[in-house]
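The structure under discussion appears below in the form of structure tokens.
The values are calculated or read from the model by the stated rules, or taken from the named source; none is laboratory data. Because the structure is predicted, anything quoted here is derived from the model rather than measured. Note that each Cβ is placed from the backbone with ideal geometry, even for glycine, and that neighbours are counted across all protein chains shown.
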Amino acid sequence: MFPRTSVDMGAPLPQPLEELLGYPYYGTGPVIGVCGALALWWRRRCPVPVTGITLVFGLISSAVTVSAMVALFTVAALRPVRTTVWVAAAAALPVPLAWLLNEAPRTGLSVMGTLLIAWTLVALSVGWGLFVRSRRMLVASLTERARRAEEEAARRASEAQLRAREDIAREMHDVLAHRLSLLSVHAGALEFNRSPDPADIGRAAGVIRDNAHQALQDLRMVIGVLRTPAGGSAAGDDRAEGPAEAPQPVLADLERLARESRTAGMRLRLDVRVEDPDAVPDLVGRTVYRIVQEALTNARKHAPGADVRVEVNGEPGSGLDIIVRNPVPAQPTPAGSGIPGSGQGLIGLAERASLAGGQLRHGPTGRDYLVQAWLPWSA
């Protein structure tokens with residue numbers, strides 16, 4: 001197989017092989033070389049058989065030396081390492097026989113020198129093939145990692161958009177449902193007020209106007225927050241001022257929320273037992289406010305006129321407990337306060353509590369309907 005020091009492709013085969021075959025094979029070197037080259041046409045589909053063919057041809061003529069090297073390279077580049085090792089070993093074994101048949105009678109090289117050259121050619125062919133194979137695997141691995149990274153980025157972007165939509169839906173619901181329920185209560189009271197006193201009508205209309213104005217301000221606040229780019233507004237952008245800077249509610253705002261509910265006619269008892277409300281983290285305080293706000297809105301919808309009790313207590317390290325309790329009406333009130341329910345409020349509350357690291361449960365307990373939540377408050 002490997003190698004012939006003679007470069008004369010048309011030289012006759014060595015005398016010992018001629019004597020063995022019984023007749024001379026003048027001019028067969030180029031023919032064998034062409035056959036070895038043609039066999040390379042199938043090297044990608046069947047690299048191991050093609051390598052075997054070129055090795056057999058190498059016993060007869062060194063004209064297929066290049067073809068055999070290409071075949072060995074292909075095996076190393078396309079087949080597993082274990083297969084490559086076996087083929088390389090098989091390529092190295094026929095070298096002594098090829099030397100005896102083709103080179104020993106014609107050259108002055110020693111056996112060791114010829115073997116060294118032949119095995120060097122085998123090692124170079126296999127080594128280059130392994131290098132190409134490892135590089136191809138590396139490129140494929142990097143391509144796969146890039147594809148997975150792109151898919152992961154797309155998935156995270158999709159999840160971020162979904163979370164953003166859910167946050168917007170919760171914020172819009174929590175901000176507007178309370179105000180609109182108050183508007184509905186006052187409008188209903190004005191509708192059924194048969195008093196001809198213009199002062200009473202004026203006061204009711206004023207309350208409706210104030211709540212409508214506050215609802216509009218709340219809506220502008222939410223829209224302003226949504227329009228404000230991440231990282232703050234750009235310099236000179238006056239549109240980000242005003243509603244976008246409105247403060248978010250915190251625990252201390254529960255008193256204001258209770259006054260608004262009492263003004264709307266709700267019989268509400270608020271009991272906040274927190275030593276320092278201002279020390280409550282903003283996220284926790286805002287979540288407490290939204291939970292109480294939505295619970296009062298539901299009580300106003302489904303149990304109008306019922307006594308509602310709100311309890312908030314806790315301390316750093318143990319967390320905050322929120323309990324909102326109202327009696328369940330003896331008779332169902334489908335119309336309630338005239339405000340249709342969407343069923344999303346309590347779902348949003350559970351999501352808010354979960355995002356803050358807490359938990360929430362709700363449902364009837366005996367004669368009362370209970371909304372109970374716990375939120376963490378680190379020491």
**Message:** Given the criterion of a type in the set (A, V, I, L, M, F, W, C), at pLDDT 80 or above and farther than 30 Å from R367 by Cα, identify the matching residue among V225, V272, V250.
**Reply:** V250
**Asked** Does R300 satisfy the criteria of being assigned by TED's automatic domain parsing to the domain that holds R256 and at pLDDT below 85?
**Response** yes
**Asked** So which pairs qualify, if the first residue must be in segment 65-85 and within 19 Å of G36 (Cβ to Cβ), the second must be among the charged types (D, E, K, R) and assigned to a helix (DSSP H, G or I), the Cβ gap must be under 6 Å, and the two must be at least 6 apart or on different chains?
**Response** A77/R133
**Asked** Of all the residues that make up segment 228-247, how many are surrounded by 15 or more Cβ atoms within 10 Å (Cβ to Cβ) and either among the acidic types (D, E) or at pLDDT 50 or above (or both)?
**Response** 1
**Item:** The lone exception for H186 - which of (1) part of a helix (DSSP H, G or I); (2) loosely packed, with under 13 Cβ neighbours inside 10 Å; (3) at pLDDT below 70 it fails
**Value:** (2)
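For segment 282-334, enumerate the residues that are of a type in the set (D, E, K, R), free of Cβ contacts under 8 Å to residues at least 60 places away in the same chain and more than 16 Å from A356 (Cβ to Cβ).
Result: D307, R309, E311, R325.
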